[in-house]
Amino acid sequence: MNRIKIVNTLLLCFLSAGFLYAQQGNVKGTIVDKSSGAPLERAAVTSSSGRELGLSAADGTFTVTLDQGNQMLFINFPEYEQSIISVMVRQGETVDAGTIEMMLAAGFLLDQGTVNISEGVSDDGFENQSIQGVLSSSADIFLSTAAYTFGSVMYRVRGYDNNYQNVSLNGFVVNDVESGAPYYSNWGGLNDVMRSSMVTSGPEPIGFLFEPVGGATRINTRASNYRSGVRAVYSLSNRTYRNRAMVTYSTGLMNNNWAVTGSVSRRWSERGYEEGTFYDANSFFLSVEKKINSRHSLNLTALNAMYRRGVAGGSTQEVYDLAGDNFYNPYWGYQNGEVRSSRVRSSNKPLFTLAHFWNPSEKLDIQTTAGYWFGKGGYTALNWYDVLDPRPDYYRKLPSYFTEESDKNQIIGSWQNNPGVSQIDWDHFYFANRKNIYTVQNEGGISGNTLTGNRSKYIVEDRRNDLSQFQFNSRLSWDATERFNLTGGILVDLYRGHNFTVVDDLLGGDFWLDVDQFAERDFPNNPDSYQNDLDHPDNAVGEGDIFANNHYAFQRGGTLWGTARYDNKRYSVYLGGHARTTSMWREGLMRKGLFPDNSLGESDHLEYLTWGVKAGGDYRFTGRHLVVANALITTQPPLFRNSFLSPRTRNSVTPNLREETILSGDISYILRSPAIRGRITGYYTRFRDQTEVTSFYHDDYRTLVNYAMTGIDKENYGMEAGAEVNLTSELVVNAVASLGQFLWANNPDITITRDNNSTVLSNEEVWIQYFRQSGTPQTALALGLEYNSSRFWWAGITGSYYDNIYLDFNPVSRTKDESGYYPYWEMQKKADPGYLVDLFLGKSWKIDDFYLNLSANLSNILNNRTLMTGGYEQYRFDPDRPELFQPRVYYNNGFNYFINLSIRY
Amino acid sequence: MKTIHYTPMIRKIFLASVMALPLLFSGCADNNETPPPDVPFVSGQVVTVDQVKALYSGELAKPWQQRVPVEITGDWTLRGVITASDKKDGNLYKEAFLQDGTTGLRMLFDATSGLYIGDSVLVNVKGLWLGDYGNFVQMGSEPYTDDSGNLRVSGFNMDKQVKKLSSGHVTLPEKATIQQVKSAAWLGRLVKLEEVQFDDDQLGRSWADAMADPPAAANRDLVDCSGKSLIVRTSGYASFAGEILPVGKGSIVGIVTVFNSDYQLVVRDYSEVQMTGNRCGYVPQPQGPPVESLSQDFESFKDNATIYINGWQNLASAGGRLWLAKLFSGNAYAQATGYNSQLSSMVTWLVTNPVTLSSQKVLSFETAKAYWAHTGDHQPLELLFSTDFNGNNLTTATWTPLTGGRLATKADPDHTFIPSGDILLPVQAGKSGTVAFRYSGSNSESTTFRIDNIVIKPAR
């Protein structure tokens, strides 16, 4: 038996892809589930280039034909970790690869909430959304640990921001255009049909586009790739949701050459981990494939992951201490005795892809996809007028605001004795709104149009980000010779985002008057200036009406890419490149009073021509020792959301905006022997000329201020290592270490502008060189022990340790003041190191031809509730009384579980 | 392993039921957005503002150090009209004044009041507190200790306590004199003072210091023609804080307040300041009859004397400083300067006797400057000409710049008189005209300017 489970998907890209058409042999084997011993039907056997060679039969057996020589075979099966075998193929012979056992991937629990979804809101109500990346199951011990153990603490591989990875679904790139990041929630709940994927965590080619520095994920949903049968899953958890039910049905490729796969799922709970976080998600998936003949297939996939969920927000340590809970959520309260959340994130974005698969010859593989993605996304928030900030953790309501001990104690007492103090008082909003008589003269700018009614003082608004996106791509892979492969393609994408705010709920009032409150205070005698919509001044808006902000975000792009690869027995090399044109612009749909000439209509069109080159390869000393290296240089346009100073209000382009350059290199040593498998990698990445724009309420200027940092350089370097040691055939020890330095590498330029006029307040630099990047532990270690019984049960324990977690800093206090000095400069804040212990266990049964699988992931079994995973300094700050605006921080969940029962036949 | 046998029928039933699973579980997991039932605003016994204020009279009688806020415990409701609020002109902040038939009361809120002048309201006062700030009674919420260690009432939540009945009720201010309003009975009330003006030494100043960081409130002295004075207090955040005080006499509307023993007036609406009339003691100045020519070398004046020439005018339109005579090395001349004036705006005019314009007239004079402090392209001296100035209409007369003459500039040496050269006046048959030397400066733009040897004569 020649079975080697190789530890690294990296290899996938470098190992021999040569096809000796004239000199071929066969490989046969049997694929079984390691836990149950059950044969796995329709497991895909693919070559290293991703070409599907064959599928396993009902009894798990397969026979494939491939070129002679030392070959790698990749076995993919949904929910299971990829297995890689190495065989010596001899011309005309059939080699028996024996029984290939596949491990259920820890990742089949991907959507279990281990992946922490945490969202922050800065003091002024602008949300910073940070969603953990799309790490997926992987045979690499380092990456799978990073996903399933480190994932809960917001770990980012190599510290890269999420927009440096790319996720495609049947060739449709699903990264959010405006923020650049792929959002997992867009296909959440469809876990059972998203498993067929190729993943890389670095720039190694996986055969689609120019894989960015943070890696790429290619999800494939061809209906014929799913094995026939039904799978039903029920999960119980206390994480993001309590219940999950999923059913997937697949016909497999039927005799009439059609294949259909459908999946529906529902995830719901009255509350998630924190209070006030309901969850209501329904996901639908349908994939239909018609095999026209042996050379052509067509596949149509439609999916939609709809959801509405209450979001939890971070607060300051002072508030957590007051509430006696590091998981206090300031976003909810009771309405008429029932819980209501003020921050509801929702999505309804159907995606359709139509793919054509064409194999004109054995050597040529052409795949063409057209896709359309559209729909709406929303995020609600409170808005208010003429009242004290209604959020319970507003700084003026906290003990630190008061200077006298007795006053502080009074506040502390009220938090202890009256839970309502810590919540949003919905009933009061209705009470106030229902009796606030107000008369609007010349409503909507219509002379003589007088409106008298209850003007809402509190409303729920929905900040919408709707999209309409079309993509077309065609990809060609050609085996020019037995050792030489060329892969390349084109991609065209047309995107229109529609960003606007609607009144979601008037909370008992009759209307909301659409004026800019900050401008109204600054320019009380200039009514034009404080109109949000100058063409409809004093507009009284009702539920569903657009107000405050309404604009389009346009982006159009075209990409040409290609990779050439040469494989030899001892080594392989590749060379890849791409070129892309991007055009983006804003189109305002409202004429804003403060910027009457610069808010309505189209902005300048920002045009970019960007390019990139990468090269790499591997060298095999023996079958057990190899070295892999990659190098990359690329440029890319700034993100849409950083290209405009204040896209909500005007067309002004960020000053000194330029494209960014990324330089990166890594080198790995990989060991694979029967008893020990491991990898150690060193990497270095330099980001040049990044841009970041943030808006927030500035206390001194008493208005919204835009901070545009340009020319940002960042440096990410470090090492990652993982090893897995088989102590016995049933007992495995694994160890993983990630030691990184993720730095701000220079003092970027900053341009500060106010939102109430267009003058530039200052052009300075921010003194932050060698500050650390935030939001990920820069040191993460894990040690695990796993037992896999031959009696179809398994158990494991993992301990992990985290350090060098830094909070995001406030550039305001690191920028010169009028005196030309940095009087408020201070060191960056850092979270304490911490550790977690996780347990997992499971068992499977086979009853007739039903397979039952019951598993439990018990995370943080020591209930460590003080592991801070990140946070940010508030932009608002008071140098005289820093205690007023403490950083907002997040903690890792305490003990939590995810129990999963699946039935398959 | 136990083996159970299923028939295909059972299998189908099983399949159907698992497919239906998600629907079965469509349990309640939505956000609760059902509106709560209407909660009526329940008012108590309607009382007067006087009755409420009386609860604090005992405290007010004590020395201020011994006073403590008083909680209103009766189930009482005030009914009145809003006479001033922070929603107009920014002179108030998180506060509003309520007035009924008896008197007015300052209400402190925890946020912008949301109340507008003319709103008719009910205010449930049970649970609110009365306190004072410098003897001025105010109503708010629970007391707290301020930075100086004094107990103050905090702002209350308008929505919990107040119901608007309707809007647009005009409360006419009570007409009163400065002498009358300086009494406790008038505190909190909306008054209109007529025939008043800002005191001479206030002219040229702004209502408050809007340019300070942070903007600072200021007191300005308002007087009537008998010399009785009252402080007008204005917030630095008021929309008119940076405006120059009106120079005229007229009427002003505001709320009467007090700070310790100083009575004050707080303007609620800038448009109600109508002070454009002639100042107290104003005596119309005789303007001389038109002459054919004139010549003035100021040699008849003593040092520091105010310039007064028969038929000429020496007038201040801002700041109250006039042209003065100065002597240096035996030479006398007219001088204007903003130096050490403490004025944010000083504008002073020296206007000649009218001259006939039927024939061509030529103007000439000499100017000197010293200690140039004007910034940018601001000029201290302007030369103006009018044919409709009658001695009493300085601000409404038509003044046109006279060009062609040379005035001392920043580049010229200090104290050196520069001849203007000949300046031709317009020829207008049957008409006469006057020439004005207008100095504009301030305490900071304080350039000193001098004029001498003014001559107007027929062209040869």
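The values are calculated or read from the model by the stated rules, or taken from the named source; none is laboratory data. Predicted model only: the values in this text are computed from it and were never measured. Cβ sites come from the backbone with ideal geometry, for glycine too, and all protein chains shown count toward neighbours.
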Discussion item. Suppose we keep only residues that are among the aliphatic types (A, V, I, L, M) and modelled with pLDDT of 90 or more within segment B:246-264. Which one would you say is nearest to B:Gly277 (Cα to Cα)?
Written reply: B:Ile252
Practice prompt. Only residues that are within 14 Å of chain A (Cβ to nearest Cβ), under 30 Å from B:Gly242 (Cα atoms) and of a type outside the set (S, T, N, Q): list them for segment B:108-132, please.
Written response: B:Leu108, B:Phe109, B:Asp110, B:Ala111, B:Gly114, B:Leu115, B:Tyr116, B:Ile117, B:Gly118, B:Asp119
Response to the item:
Filtering segment A:822-878 down to residues that are under 18 Å from A:Glu318 (Cα atoms) and assigned to a loop (DSSP other than H, G, I, E, B) yields A:Lys829, A:Ala831, A:Asp832, A:Arg865, A:Thr866, A:Leu867, A:Glu873, A:Gln874, A:Tyr875, A:Arg876, A:Phe877, A:Asp878
Worksheet entry | Index of the failed condition, A:Leu135 passing every other in (1) modelled with pLDDT of 75 or more; (2) under 15 Å from the mean Cα position of the chain (by Cα); (3) over 24 Å from A:Leu575 (Cβ atoms) | (1)
Worksheet entry | Filter result (in contact with a helix residue (DSSP H, G or I) (Cβ under 9 Å, 6 or more places away or on another chain), within 8 Å of another protein chain (Cβ to nearest Cβ) and either of a type in the set (Asp, Glu) or surrounded by fewer than 20 Cβ atoms within 10 Å (Cβ to Cβ) (or both)) within segment B:145-175 | B:Thr145, B:Asn157, B:Asp159, B:Lys160
Practice prompt. Return a yes/no flag: does segment B:427-434 have any residue that is closer than 26 Å to B:Gly376 by Cα, in contact (Cβ under 8 Å) with a residue 12 or more places away in the chain, surrounded by 13 or more Cβ atoms within 10 Å (Cβ to Cβ) and among the polar types (S, T, N, Q).
Written response: no
Item to complete: Give the residue that is nearest to the other protein chains (Cβ to nearest Cβ), with candidates limited to residues of segment A:214-245 that are hydrophobic (A, V, I, L, M, F, W, C) and within 30 Å of A:Tyr891 (Cβ to Cβ).
Response: A:Ala245
Item to complete: Check off (1) more than 14 Å from B:Ser364 (Cα to Cα); (2) out of contact with any Leu (no Cβ under 9 Å at 6 or more places or on another chain); (3) in a strand (DSSP E or B) for B:Ser444 and give me the number that stays unchecked.
Response: (3)
Worksheet item: Here are some conditions: (1) in the same structural domain as B:Gln51 (by TED's automatic domain parsing); (2) part of a loop (DSSP other than H, G, I, E, B); (3) not aromatic (Phe, Trp, Tyr). B:Gly140 meets all but one. Which one does it not meet?
Response: (2)
Item to complete: Of the numbered conditions (1) over 29 Å from A:Phe554 (Cβ atoms); (2) part of a helix (DSSP H, G or I), A:Ile459 fails exactly one; give the number of that condition.
Response: (2)
Fill in: Which listed residue, of A:Gly171, A:Gly189, A:Gly159, is surrounded by 23 or more Cβ atoms within 10 Å (Cβ to Cβ) and either among the aromatic types (Phe, Trp, Tyr) or over 30 Å from A:Ala259 (Cβ atoms) (or both)
A:Gly159
Discussion item. Looking only at residues that are modelled with pLDDT under 90 and surrounded by 14 or more Cβ atoms within 10 Å (Cβ to Cβ) in segment B:293-311, which one is nearest to B:Ser440 (Cα to Cα)?
Written reply: B:Ile307
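Each row is one residue, and each column tells you yes or no for (1) within 30 Å of B:Gln65 (Cα to Cα); (2) of a type outside the set (Ser, Thr, Tyr).
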site	(1), (2)
B:Lys88	no, yes
B:Leu108	yes, yes
B:Ile117	no, yes
B:Ser120	no, no
B:Asn124	yes, yes
B:Leu130	yes, yes
B:Val137	yes, yes
Worksheet item: Restricted to segment A:252-269, and to residues that are touching a residue at least 40 places away in the same chain (Cβ under 8 Å) and crowded, with 19+ Cβ neighbours inside 10 Å, which residue is farthest from the other protein chains (Cβ to nearest Cβ)?
Response: A:Thr261
Item to complete: Give segment B:60-106 a look and list any residue that's away from chain A (no Cβ under 14 Å) and of a type in the set (A, V, I, L, M), or say none.
Response: B:Leu60, B:Ala61, B:Val70, B:Ile72, B:Leu78, B:Ala84, B:Leu98, B:Leu105
Worksheet entry | Subset of segment B:186-217 that is assigned to a helix (DSSP H, G or I) and among the charged types (D, E, K, R) - its residue that is surrounded by the most Cβ atoms within 10 Å (Cβ to Cβ) | B:Asp200
Fill in: Number of positions in segment A:341-396 that are free of Cβ contacts under 8 Å to residues at least 24 places away in the same chain, over 31 Å from the mean Cα position of the chain (by Cα) and part of a loop (DSSP other than H, G, I, E, B)
2
Worksheet item: Based on what the data block shows, is A:Tyr249 assigned to a loop (DSSP other than H, G, I, E, B) and at the interface with chain B (Cβ under 9 Å from one of its Cβ atoms)?
Response: no
Worksheet entry | Residue list for segment B:327-355, filter: surrounded by fewer than 20 Cβ atoms within 10 Å (Cβ to Cβ) and over 21 Å from B:Asp200 (Cβ atoms) | B:Leu327, B:Phe328, B:Ser329, B:Gly330, B:Asn331, B:Ala332
Worksheet item: Which of the residues spanning segment A:790-821 are assigned to a loop (DSSP other than H, G, I, E, B) and either among the small types (Gly, Ala, Ser) or surrounded by 15 or more Cβ atoms within 10 Å (Cβ to Cβ) (or both)?
Response: A:Ser790, A:Phe792, A:Leu807, A:Phe809, A:Asn810, A:Lys816, A:Asp817, A:Ser819, A:Gly820
Worksheet entry | Residues satisfying the stated conditions in segment A:383-400, i.e. under 19 Å from A:Ser315 (Cβ atoms) and more than 10 Å from chain B (Cβ to nearest Cβ) | A:Arg391, A:Pro392, A:Asp393, A:Tyr394, A:Tyr395, A:Leu398, A:Pro399, A:Ser400
Worksheet entry | Filtered residues of segment A:609-661 (kept if assigned to a strand (DSSP E or B), in contact (Cβ under 8 Å) with a residue 40 or more places away in the chain and of a type in the set (Val, Ile, Thr)) | A:Thr610, A:Val627, A:Val628, A:Thr634, A:Val653
Discussion item. Within segment A:286-302, take every residue that is of a type outside the set (Ser, Thr, Tyr) and crowded, with 24+ Cβ neighbours inside 10 Å and give me the one that is nearest to A:Lys397 (Cα to Cα).
Written reply: A:Asn299
Worksheet entry | Answer from A:Thr240, A:Thr301 - the residue that is closer than 14 Å to A:Gly188 by Cα and either part of a loop (DSSP other than H, G, I, E, B) or modelled with pLDDT of 95 or more (or both) | A:Thr240
Discussion item. With the structure loaded, tell me whether A:Glu178 is part of a loop (DSSP other than H, G, I, E, B), charged (D, E, K, R), at pLDDT 85 or above and touching a Ser or Thr at 6+ places or on another chain (Cβ under 9 Å) or whether it fails that test.
Written reply: no
